[in-house]
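Structure first, commentary second.
The values are calculated or read from the model by the stated rules, or taken from the named source; none is laboratory data. In this text the structure is predicted, and so the values were computed from the model without any measurement. Using ideal geometry, Cβ is built from the backbone for each residue, glycine included, and neighbour counts are taken over all protein chains shown.
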Amino acid sequence: MKLALNTLLSVLFFTVVLGNLLSEDLRNLNVGSDIYNIDDRGYVNFKCLDNTVINSWKKFTKCKINQDNFYIVNFEYDERFALNENFEGTQVAGHPALINLAIDKKGILHEININTDPKAPFYFRKQSHLLWLRVYNKYGSNGWTCNEKEQLQNHIKIGKKYINRSCLKEIGNKLITIDSHFYFVDKKSSRENLVSKSYLQIKLKQ
C-alpha cells in the first residue's frame with residue numbers, strides 16, 4: 001500500500017512538473033510557434049511599436065521590422081472573456097502587465113516580452129517585484145543563473161531588502177529571463193519613489 005502511494009505521488013509530481021514545463025508560455029502563446037496558427041480570439045488592441053493599429057497579430061507584417069529583424073506587436077486581453085474581477089485587465093500571474101510579441105518574417109514567434117505595468121494602481125505596483133515567484137513555479141526553481149547588481153548610491157533598501165537582479169534559465173529551446181527590482185530611489189518620503197517592477201522575457205534560443 002505504501003509503495004503504491006509513493007508511486008502515485010511520484011506520478012502526480014512529474015505530471016505537475018512536466019505540465020508546467022510543456023504547457024504554453026502565456027495562455028495559448030508559445031515561443032517557436034507559427035503565429036498564423038495561434039488563435040487571437042480573446043485579445044484586443046493590436047498595435048505596432050509606432051502605434052499603428054492592426055486588427056490581429058497575424059497582420060504583423062504591417063509593422064516596421066526592427067534592427068533584430070523582428071516585427072513587434074503589442075496587445076491586451078479582451079475583458080469580455082474575463083471570468084471574474086480577478087481576471088480583468090491584462091495581467092500575468094496576477095500582475096497588471098504590458099506585453100509584446102517579437103515575430104520573424106516567416107511568422108515564427110521568437111519572443112514574449114512582459115513588463116509589469118508602471119501605471120497600475122499602487123496596490124499592484126508595490127507587489128510587481130514578486131513576479132519571479134510565479135515564474136519559478138512555472139519553469140522550476142533550479143538551474144537559474146542570477147546576477148545580483150550592486151546597490152547604487154541613490155538606491156535605498158526597503159527594510160533589509162534590496163532587489164536588483166537578473167536571472168536566466170535555459171529550458172530546451174527557450175531562454176527565460178526574469179529581472180526584478182525593489183527599492184526606493186533618493187528618498188522614502190514619497191511612494192512615487194518606490195521602484196517595484198519586473199521584466200520577463202521568454203525567448204526562442206537561436
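Could you list all residues from the stretch 71-129 that are at pLDDT below 95, part of a loop (DSSP other than H, G, I, E, B), farther than 21 Å from Val31 by Cα and of a type in the set (S, T, N, Q)?
Asn84
Out of the stretch 133-161, which residues are more than 17 Å from Val195 (Cβ to Cβ) and part of a loop (DSSP other than H, G, I, E, B)?
Of everything in the stretch 133-161, those that are more than 17 Å from Val195 (Cβ to Cβ) and part of a loop (DSSP other than H, G, I, E, B) turn out to be Gly140, Ser141, Asn142, Gly143, Trp144.
Output the residue which, of all residues in the stretch 170-188 that are under 25 Å from Arg125 (Cα atoms) and among the basic types (Lys, Arg), is surrounded by the fewest Cβ atoms within 10 Å (Cβ to Cβ). First the steps, then the outcome.
Pass one, the stretch 170-188, residues under 25 Å from Arg125 (Cα atoms): 176-188.
Those left that are additionally among the basic types (Lys, Arg): 187-188.
Values: Lys187: 9, Lys188: 13.
The residue in question is Lys187.
Considering only residues that are under 30 Å from Tyr71 (Cβ atoms) and out of contact with any Asp or Glu (no Cβ under 8 Å at 6 or more places or on another chain), look in the stretch 113-127 and name the one that is surrounded by the fewest Cβ atoms within 10 Å (Cβ to Cβ).
Per the criteria, the residue is Lys119.
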